[in-house]
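The next block holds one structure in the form of structure tokens; read it before the comments.
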Amino acid sequence: MKVMFWGVRGSLPTPLSPDQVRSKIAAVVQRIRPADLDSTRTRELFLAGLPPALFGTVGGNTTCLEVRTDDGNIIILDGGTGLRDLGVSLERKRDPTREFSLFFTHFHWDHLQGIPFFGPAWVKGNLLVFASPFPSVERIIREQMKPPYFPVTMDAMPATLRFVYLRGESVRIGGAEVRWKRMNHPGGSFAYKMTENSKSVIFATDSEVTDREFQQREENRSFFEAADILILDSQYTLEESFTKFDYGHTSYTMAVNLAVEWKVKTLVLFHHEPRYDDRKLFGIRRSAQWHGEQLGSRGLEILTAQEGLELIL
């Protein structure tokens with residue numbers, strides 16, 4: 001499996017402001033020495049040595065992930081504004097894929113905003129399958145794309161649209177199994193676990209982790225234990241989480257605790273707070289790494305979700 005991140009922000013799109021761009025440029029310029037400009041090699045070394053908060057950005061698009069299975073199927077998780085960029089990338093690469101399976105964690109705005117702008121939906125002969133454990137999946141998705149919220153309805157899309165109410169415990173997409181688990185979020189939200197060739201990825205955005213997820217029950221064990229990648233909501237600091245109880249989001253501290261408890265191999269901090277800039281978010285990663293080490297788990301890899309991040313299993 002290959003996991004590609006197209007949108008990692010929570011709540012609403014958060015593009016870099018002009019002041020933030022100028023600040024990054026100014027900070028980079030202040031670091032340059034004459035020797036750094038001697039040749040192509042020295043310039044590349046200089047850029048490679050910059051902190052990630054300066055050389056790049058986590059991105060401003062809202063939630064969207066692409067999981068490409070080993071047999072070429074594309075699973076899309078949530079349809080935030082990052083969904084548009086995924087469609088643009090597929091068109092640019094002239095990707096031959098004609099079928100797309102879109103699984104939705106829930107239907108808050110930041111998980112739907114990209115649907116009208118997803119290029120493959122406007123290509124005749126393509127098939128888009130919209131799937132969710134919420135029974136009203138078709139009604140909800142169709143109603144977010146009609147006047148006065150949007151000028152045209154989904155009936156205008158040339159692609160074939162199919163809506164699937166997920167029942168039971170799992171479905172198969174090619175050689176991959178997709179399972180789901182209800183999480184704690186206002187109105188409800190579901191985490192998804194994709195397993196292929198004994199490798200597993202869990203996507204659990206918009207989840208407020210509580211003691212329930214730590215309980216040694218078979219449901220938790222079979223879902224979380226020894227996952228290769230856990231992409232988990234970590235919007236808040238621990239201090240913020242004390243004042244935002246029952247908001248439906250998790251602190252990075254609790255995210256690390258869960259990953260350590262269930263012996264997860266890689267934790268990806270996700271659903272970034274829109275008020276946080278790149279410097280703050282990469283600082284959170286360092287704090288999360290320190291917290292993991294204090295728990296005695298030096299083997300846990302912790303990453304900050306960024307647009308363009310690609311993970312291969």
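The table below gives the values:
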| read-out | value |
| --- | --- |
| Residue within the range 302-309 that is touching a Pro at 6+ places or on another chain (Cβ under 9 Å) and surrounded by 13 or more Cβ atoms within 10 Å (Cβ to Cβ) present | yes |
| Within the range 36-144, helices (runs of 4 or more DSSP H) holding 3 or more residues that are modelled with pLDDT of 95 or more, touching a Cys at 6+ places or on another chain (Cβ under 7 Å) and within 30 Å of Gly175 (Cβ to Cβ) | 82-92 |
| In the range 1-23, the residues that are over 21 Å from Arg84 (Cα atoms) and either exposed (fewer than 13 other Cβ atoms within 10 Å of the Cβ) or touching an Asp or Glu at 6+ places or on another chain (Cβ under 7 Å) (or both) | Met1, Pro18, Asp19, Gln20, Val21, Arg22 |
| For Ser101: the one exception among (1) under 18 Å from the mean Cα position of the chain (by Cα); (2) surrounded by fewer than 22 Cβ atoms within 10 Å (Cβ to Cβ) | (2) |
| Among the residues listed as Thr153, Thr210, the single one being modelled with pLDDT under 95, surrounded by 12 or more Cβ atoms within 10 Å (Cβ to Cβ) and more than 21 Å from Leu77 (Cβ to Cβ) | Thr210 |
| Filter pass, Val256 being under 24 Å from His111 (Cβ atoms), surrounded by 19 or more Cβ atoms within 10 Å (Cβ to Cβ) and assigned by TED's automatic domain parsing to the domain that holds Thr210 | no |
| Pairs, first in contact (Cβ under 8 Å) with a residue 12 or more places away in the chain in the range 31-49, second surrounded by 11 or more Cβ atoms within 10 Å (Cβ to Cβ) and among the charged types (D, E, K, R), C-beta under 6 Å, six or more apart | Phe46/Asp36 |
| Test for Gly87: is it out of contact with any strand residue (DSSP E or B) (no Cβ under 6 Å at 6 or more places or on another chain), surrounded by 15 or more Cβ atoms within 10 Å (Cβ to Cβ) and either within 26 Å of Phe150 (Cα to Cα) or without any contact (Cβ under 8 Å) to a residue 24 or more places away in the chain (or both) | yes |
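The values are calculated or read from the model by the stated rules, or taken from the named source; none is laboratory data. It should be emphasised that the depicted structure is a prediction, and the values quoted were computed from it without experimental measurement. Using ideal geometry, Cβ is built from the backbone for each residue, glycine included, and neighbour counts are taken over all protein chains shown.
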